[in-house]
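Novice: What follows is a structure written as structure tokens; I'll ask about it next.
Values quoted throughout were computed directly from the atomic coordinates according to the rules given, and no laboratory measurement underlies them. Nothing here was measured: the structure is a model prediction, and the numbers come from that model.
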Amino acid sequence: MFSLLYWAIFGAIVGGIAKALMPGKVPGGWLPAIGLGVAGSVLGGLPFGEGPAGLVGSVLGAVLLVYGIEYWRTTNV
């Protein structure tokens with residue numbers, strides 16, 4: 001039960017950092033940011049493990065997801 005809460009909190013932090021690092025306006029509120037952060041943690045954080053390297057990998061994974069979503073939105077309009 002608490003692990004899901006920790007994933008949501010960590011996802012919110014990572015998603016917020018990723019949205020802040022991306023230039024331009026990234027659509028979505030807190031729920032998409034949490035989902036983005038959790039997906040970024042899986043994509044970038046798991047290969048790096050826990051600790052500071054995992055945080056950096058999670059943020060990089062989330063930034064890559066935001067970039068991919070923005071690229072997909074702008075090319076498929």
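Novice: Filter the chain for me: DSSP H helices, axial length by Cα at least 18 angstrom, mean Kyte-Doolittle hydropathy not below 1.0. List them by residue number. Numbers along the way, then the final one.
Specialist: Values: long enough: 2-21 (28 Å, 1.69); 52-75 (34 Å, 0.97).
Membrane-span-like by this criterion, though nothing is claimed about a membrane: 2-21.
Novice: Please work out how much length the chain gains when fully extended from Trp72 to Ala53, using 0.36 nm per residue of separation minus the C-alpha to C-alpha distance, in nm with one decimal.
Specialist: On the way: separation 19, 0.36 × 19 = 6.84 nm, distance 2.83 nm.
Length gained, Trp72 through Ala53: 4.0 nm.
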